[in-house]
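For reference, the structure I am asking about is given below.
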Amino acid sequence: MHSKKRIEKALEIAHDYGQTDGSHHKSWVIDQIVRLLTDDEYDEWIKNYRKGEEGPETYSWNVGIAP
């Protein structure tokens, strides 16, 4: 998907679902936006996100639950 189209879709998800109650739903929104913006690099982005001073699993990533 073309980068402009991915950005448009990410903004659409933020608009449509960003105010849905529940942290598990907000986690889903964030995950979907990250998936769109990182495209094929999603897994690598998550791997790098989780790294910290205490090793490769310092931080967790929650994919949430779709609203």
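Under the condition of being among the acidic types (Asp, Glu) and over 8 Å from the mean Cα position of the chain (by Cα), which residue from the stretch 14-44 is nearest to Lys4 (Cα to Cα)?
By that ranking, first place goes to Asp39.
Being modelled with pLDDT of 95 or more, in contact with a helix residue (DSSP H, G or I) (Cβ under 7 Å, 6 or more places away or on another chain) and aliphatic (A, V, I, L, M), is that true of even one residue in the stretch 36-50?
Scanning the stretch 36-50 turns up at least one residue that is modelled with pLDDT of 95 or more, in contact with a helix residue (DSSP H, G or I) (Cβ under 7 Å, 6 or more places away or on another chain) and aliphatic (A, V, I, L, M).
In addition: Restricting to the stretch 17-67, what's the tally of residues that are at positive phi and part of a loop (DSSP other than H, G, I, E, B)?
Looking only at that region, the number is 2.
Looking at Met1 and the list (1) at pLDDT below 95; (2) in a helix (DSSP H, G or I), which single condition is not satisfied?
For Met1, the exception is condition (2).
Can you tell me how many residues in the stretch 1-54 are closer than 19 Å to Ile65 by Cβ and of a type in the set (Lys, Arg)?
The number of residues fulfilling the criteria is 2.
So Gly64 passes all but one of these: (1) surrounded by 15 or more Cβ atoms within 10 Å (Cβ to Cβ); (2) touching a Phe, Trp or Tyr at 6+ places or on another chain (Cβ under 6 Å); (3) free of Cβ contacts under 8 Å to residues at least 40 places away in the same chain. Which condition number does it fail?
(3)
Could you grab the pairs with beta carbons closer than 7 Å, sequence gap of 6+ or different chains, first residue in the stretch 26-53 and over 20 Å from Asp16 (Cα atoms), second one outside any helix (DSSP H, G or I) and of a type in the set (Phe, Trp, Tyr)?
Ile46/Trp61; Tyr49/Tyr59; Tyr49/Trp61; Arg50/Tyr59; Arg50/Trp61; Gly52/Tyr59
Can you tell me which residues in the stretch 3-26 are among the hydroxyl-bearing types (Ser, Thr, Tyr) and either under 16 Å from Thr38 (Cα atoms) or surrounded by 12 or more Cβ atoms within 10 Å (Cβ to Cβ) (or both)?
Matches in the stretch 3-26: Ser3, Tyr17, Thr20.
The values are calculated or read from the model by the stated rules, or taken from the named source; none is laboratory data. These figures come from a predicted structure and were not determined experimentally. Neighbour counts run over all protein chains shown; Cβ positions are idealised from the backbone, glycine included.
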